[in-house]
Amino acid sequence: MRIIVAPDSYKGSVSALGVAEAMERGIHAVFPGAQVIKVPIADGGEGTVEALVAATGGRLLHAEVRGPLGEPVQAHWGTSGDGATAFLEMASASGLPLVPKERRDPRLTSTFGTGELMKAALDAGFRKLVIGIGGSATNDGGTGMARALGARFLDAEGQDLPEGGAALARLVRIDLSGLDPRLTEASILVACDVDNPLCGPRGASAVYGPQKGATPEMVQELDAALGVFAHVAAAATGRDIALKPGAGAAGGLGAGLLFFTPASLRPGVSIVLETTGFEALVQGADLVITGEGRTDFQTAMGKAPVGVAAVAQRHGVPVVCLSGGLGEGADEVLACGIDALATTVPQPMTLEAAMSQGALLVEAATARVCRLLKVGMSMRGAGLI
């Protein structure tokens, strides 16, 4: 029996590699002779840099940057094994886990640190950048990122706006004269895990604002502010991209990269799967087990498990998605190539307890899934199915 385990990280609990190792232990508890191939993946959020560095035999680097609330944080980025490409992830510099729950306010948080990571890569001589933009704490349209690279965002009196998404309601003019000229020489591939537009009911503020601390009133305020930003940025750049799929990713960082850099957006999981050679690995496999911290309606919009399932489906390999939790709309992924859903939580427990025991819960849940598979195999052997 050949089983591929290709999970994303369980955000804030277990890394993608840690999940894959726990799944392997659970499989071997039931099928000790199974060949298990571990392929830790990511979709542009937390773990993207580590997955790409590992897949290419590259190097992990660190830099101190400005975090979402302006305080210094230690962020990481990486290089490919051939030294040609820099790998970055905004989650490391501007991610939600960097902001304590009691201080989460997407009206104020900024992507400035992500721009500083981009500058660090440019300073190191890289002109080919892959940037993962999932897992943000921000809703600033990528203006913080652009500020770090030399852009200015001005009000009616010609004064620089404060950072954060709410201030964009007062945006009148964008000054791009100081934008880093090295961007014109760069090739920037953005690993994007969603297809949301910038504004509206499926936009950055409405869909992702609440998980970053936005109240319904804040959502309306931020959506209106991004609408102002989209209008002014289109006039300043000649690019009208607010409705482009992925523009609303990472609180509008997708839009900011499209407005102010020569970026192109692609599904993040596709980039990672191509880099890891997943298509070749899945051929001839008997089963794929994927997973993430929480599976819900957002997963079907292009997150990692659906990307894994699309490849497995092409080769007729069944897919089980084992996640830390199942939320509203989780069943939507069953139309995306995933054959079965399971959760790691065996009994009522707090989120904190589940996260603290993440690896153990994954291992036990994987064993439960395998025991069910073993029952199915016995039934088939007896001619009952």
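The values are calculated or read from the model by the stated rules, or taken from the named source; none is laboratory data. Note that this is a predicted model, so its numbers are computed, not measured. Here the Cβ positions follow ideal geometry from the backbone for every residue, glycine too, while neighbour counts run over all protein chains shown.
For this structure, a couple of remarks:
- Which numbered condition Met349 misses (of (1) more than 21 Å from Phe31 (Cβ to Cβ); (2) in contact with a Cys (Cβ under 9 Å, 6 or more places away or on another chain); (3) not in a helix (DSSP H, G or I)): (2)
- A search for C-beta distances below 9 Å between a residue of the range 359-385 that is not assigned by TED's automatic domain parsing to the domain that holds Cys321 and any residue that is surrounded by 16 or more Cβ atoms within 10 Å (Cβ to Cβ), counting only pairs 6+ apart in sequence or on different chains, returns nothing.
- Odd one out for His28 among (1) modelled with pLDDT of 95 or more; (2) in contact with a Ser or Thr (Cβ under 9 Å, 6 or more places away or on another chain); (3) not in a strand (DSSP E or B): (2)
- A count restricted to the range 240-284 and to residues that are within 18 Å of Met90 (Cβ to Cβ), in a helix (DSSP H, G or I) and more than 16 Å from the chain's Cα centre (by Cα) stands at 4.
- Flag if Gly203 is of a type in the set (Gly, Ala, Ser), in contact (Cβ under 8 Å) with a residue 12 or more places away in the chain and touching a Pro at 6+ places or on another chain (Cβ under 6 Å): yes
Conditions (1) in a loop (DSSP other than H, G, I, E, B); (2) without any contact (Cβ under 8 Å) to a residue 60 or more places away in the chain; (3) more than 20 Å from Ser80 (Cα to Cα), marked per residue:
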| residue | (1), (2), (3) |
| --- | --- |
| Ser110 | yes, yes, yes |
| Lys119 | no, no, no |
| Leu122 | no, no, no |
| Ile131 | no, no, no |
| Asp140 | yes, no, yes |
| Met145 | no, no, yes |
| Phe153 | no, yes, yes |
| Glu157 | yes, yes, yes |
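- The single residue among Glu24, Glu71 that is surrounded by fewer than 21 Cβ atoms within 10 Å (Cβ to Cβ), among the charged types (D, E, K, R) and either touching a Pro at 6+ places or on another chain (Cβ under 7 Å) or not assigned by TED's automatic domain parsing to the domain that holds Ala191 (or both) turns out to be Glu24.
- Here Leu253 meets each of (1) surrounded by fewer than 24 Cβ atoms within 10 Å (Cβ to Cβ); (2) in contact with a strand residue (DSSP E or B) (Cβ under 8 Å, 6 or more places away or on another chain); (3) at pLDDT 95 or above with one exception, condition (1).
- Across the range 156-183, the number of residues qualifying as loosely packed, with under 15 Cβ neighbours inside 10 Å and closer than 16 Å to Ala236 by Cβ comes to 8.
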